[in-house]
Amino acid sequence: MENTGNIGNSKAKNLSDKLFYRKKSAFEKGGAAELDLALEYAKGYSVFIDSAKTEREAVEYTVDMLNSYGFKPYTLGMQVYQGDRLYYVNRGKSLIAFAIGADGVENGFKIMAAHIDSPRLDLKQHPIYEDGGIAYAKTHYYGGIRKYQWATIKLALHGVVIKKNGERVNVTVGEDEGDPVFCITDLLPHLAKEQDTKTLGGAFTGEGLNAVLCASPFMEEGKVCEVDEKVKLNLLYELNRRYGITEDDLVSAELCFVPQGKSVDVGFDRVLMGAYGHDDRVCAYSELTAMLENLDGRNSVMCVLADKEETGSDGVTGMQCRLMVDIIDSVSRSFGSNPGAVRAASECLSADVAAAYDPCFSDVFEKNNSAMASCGVALAKYTGSRGKYDTNDCGAEFLGKVRAVFDRAQVVWQTAELGKVDAGGGGTVAKYISKYNIDTVDIGVPVLCMHAPFEIISKLDLYNAHKAFSAFCASR
Ligand code: MN
Ligand code: MN
């Protein structure tokens, strides 16, 4: 006798397999082979992120990479030819690289745009003061930080000082073996009774984020000198000895404190990687390497590494500056093409990290629409806050196209929304690109504890971001 029950079950099972969306991890989809590839790919990334903690350092590292692939500097108005590999460094802090494919520019550019600035503590213009026998640097935080996370951690000093004669002095202290580090102090628990009653956001103030720089007075003939601010004098003496600068040179400096140290594997299995500034160098590196692997195809490809995303993309090095459009327009004219038509035919992946679902803070996430670590690169139709304010809400048509491209290339991907609808919000550079009539969608690697001094990503998501960017570069 026929067992109709089993047939019924099997039909339901088939139907549910066919009709349901079920999120699968990159472990399930890619197996051990993909895991090996991801672990290998992440090695190159860790070298990049250890060498490029600021936007300036990221630009320098990228230029070296581009040079090794035969890229040449581009100037606006320059005649460009098929096969050209070019880059434009904007004031040392942002970079646009592009390669002209066999199709020229008629079919637009495949643009990928990430940012290379990260939250940190900038030094004020008059940063140095002495109190209680210690010389400190006053800071002004850059980007969205949770202030309490920056006390009692090791900090390194990075940046440049531009002297009045235009001379540039590069500063990096705290990263090499044997270097000193810097630190913002916190209260001992014994005396924190009142501080403990404050809110997490209120216990530390911006003006409270002062870093210890020096704690000994200037000595003269073996004895403590006899001027005011002896410790500050000792510090300035050391800065002058090392860099040839005086206190007023700090007015035209860009110095910042970033978390000291290198990237490191997290967990016994080594699939997670912790580091400062995954946001957004994890997308910068994966899109850059994707472009470099797709230089000789039909498409023209463009890799944008922007500055100032963390503070709203303003200023000459942020994405609100017209530079990218000027370059596209100028290159288009050099091919005799209509710049507006080239932009209309272009497509962009706005590459920025997503918030990874954190089971320890599950109440701010909506599980069905959150990105999970190791479940692939995350596509976000929109970002923003409240009623989708301040976002590029990507059209379903372009999203449908991107989705098909990823599936054909067996990219492990998922969707992402930042958190619960009214829990907060955030934006990306996407809306500053789509406003020039370029189809744009947000995509990025999910990050745990985003904007903390130590952020965590999955190497599988990094690898699948790279696969996604690569598939996009080659897509028709
Ligand atoms: Mn970001
Ligand atoms: Mn960010």
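Listed values, structure above:
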quantity: Residue count, segment 304-342 (criterion: more than 16 Å from ligand 1 (Cβ to nearest atom), open to solvent by less than 30 Å² (accessible area, probe 1.4 Å) and within 17 Å of V59 (Cα to Cα)); calculated: 2
quantity: Verdict on G387 being free of Cβ contacts under 8 Å to residues at least 12 places away in the same chain, more than 15 Å from ligand 1 (Cβ to nearest atom), assigned to a loop (DSSP other than H, G, I, E, B) and of a type outside the set (V, I, T); calculated: yes
quantity: In segment 164-179, the residues that are open to solvent by 40 Å² or more (accessible area, probe 1.4 Å) and in a loop (DSSP other than H, G, I, E, B); calculated: K164, N165, G166, E167, E175, D176, E177, G178, D179
quantity: Yes/no for S362 being among the polar types (S, T, N, Q), in contact with a Pro (Cβ under 8 Å, 6 or more places away or on another chain) and away from ligand 1 (no atom under 16 Å from the Cβ); calculated: no
quantity: Residue match in segment 411-424 (condition: open to solvent by less than 10 Å² (accessible area, probe 1.4 Å) and within 16 Å of ligand 2 (Cβ to nearest atom)); calculated: no
quantity: Of all residues in segment 229-264 being open to solvent by 50 Å² or more (accessible area, probe 1.4 Å) and over 30 Å from K93 (Cβ atoms), the one that is nearest to the chain's Cα centre (by Cα); calculated: Y237
quantity: Sole residue being touching a residue at least 24 places away in the same chain (Cβ under 8 Å), of a type in the set (D, E) and loosely packed, with under 12 Cβ neighbours inside 10 Å, chosen from E207, E226; calculated: E207
quantity: Meets criteria (on the phi > 0 side of the Ramachandran plot, free of Cβ contacts under 8 Å to residues at least 24 places away in the same chain and away from ligand 2 (no atom under 16 Å from the Cβ)) for G267; calculated: yes
quantity: Residue that is farthest from ligand 2 (Cβ to nearest atom), among those in segment 229-264 that are β-branched (V, I, T) and touching a residue at least 60 places away in the same chain (Cβ under 8 Å); calculated: V231
quantity: Residues that are over 27 Å from G31 (Cα atoms) and within 16 Å of ligand 1 (Cβ to nearest atom), drawn from segment 262-278; calculated: Y276, G277
quantity: Extreme residue, most open to solvent (accessible area, probe 1.4 Å), among residues of segment 46-96 that are assigned to a loop (DSSP other than H, G, I, E, B) and of a type in the set (K, R); calculated: R91
quantity: Given (1) within 24 Å of C473 (Cα to Cα); (2) of a type in the set (A, V, I, L, M, F, W, C); (3) part of a helix (DSSP H, G or I), number of the condition F361 does not satisfy; calculated: (1)
quantity: Condition met for R298 (over 30 Å from G261 (Cα atoms), free of Cβ contacts under 8 Å to residues at least 12 places away in the same chain and either within 16 Å of ligand 2 (Cβ to nearest atom) or not small (G, A, S) (or both)); calculated: no
quantity: 2 or more residues more than 16 Å from ligand 1 (Cβ to nearest atom): qualifying strands (runs of 3 or more DSSP E) within segment 402-476; calculated: 413-415
quantity: Qualifying residue in segment 291-303 (condition: over 30 Å from G83 (Cβ atoms), in the same structural domain as V429 (by TED's automatic domain parsing) and buried (at least 21 other Cβ atoms within 10 Å of the Cβ)); calculated: no
quantity: Count of residues meeting criterion [open to solvent by 50 Å² or more (accessible area, probe 1.4 Å) and either touching a residue at least 40 places away in the same chain (Cβ under 8 Å) or not assigned by TED's automatic domain parsing to the domain that holds M302 (or both)] in segment 343-362; calculated: 1
quantity: Verdict on N210 being modelled with pLDDT of 95 or more and farther than 29 Å from Y148 by Cβ; calculated: no
quantity: Candidates V325, V353, filtered to the one that is within 16 Å of ligand 2 (Cβ to nearest atom) and hydrophobic (A, V, I, L, M, F, W, C); calculated: V353
quantity: Which numbered condition S118 misses (of (1) in a loop (DSSP other than H, G, I, E, B); (2) open to solvent by 20 Å² or more (accessible area, probe 1.4 Å); (3) of a type in the set (S, T, Y)); calculated: (2)
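Matching residues to (1) farther than 23 Å from G274 by Cα; (2) surrounded by fewer than 16 Cβ atoms within 10 Å (Cβ to Cβ); (3) modelled with pLDDT of 95 or more:
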{"residue": "N3", "(1), (2), (3)": "yes, yes, no"}
{"residue": "N9", "(1), (2), (3)": "yes, yes, no"}
{"residue": "K13", "(1), (2), (3)": "yes, yes, no"}
{"residue": "D17", "(1), (2), (3)": "yes, yes, no"}
{"residue": "R22", "(1), (2), (3)": "yes, yes, no"}
{"residue": "A32", "(1), (2), (3)": "no, yes, yes"}
{"residue": "L35", "(1), (2), (3)": "no, no, yes"}
{"residue": "A38", "(1), (2), (3)": "no, no, yes"}
{"residue": "Y41", "(1), (2), (3)": "no, no, yes"}
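The values are calculated or read from the model by the stated rules, or taken from the named source; none is laboratory data. Note that the structure is predicted; figures quoted are calculated from it, not measured. FYI the Cβ positions are ideal-geometry reconstructions off the backbone, even for glycines, and counts take in every protein chain you see. Accessible surface is based on the protein model in full, side chains and every heavy atom, while ligands, DNA and RNA are left aside. Shrake-Rupley method; radii C 1.70, N 1.55, O 1.52, S 1.80 Å.
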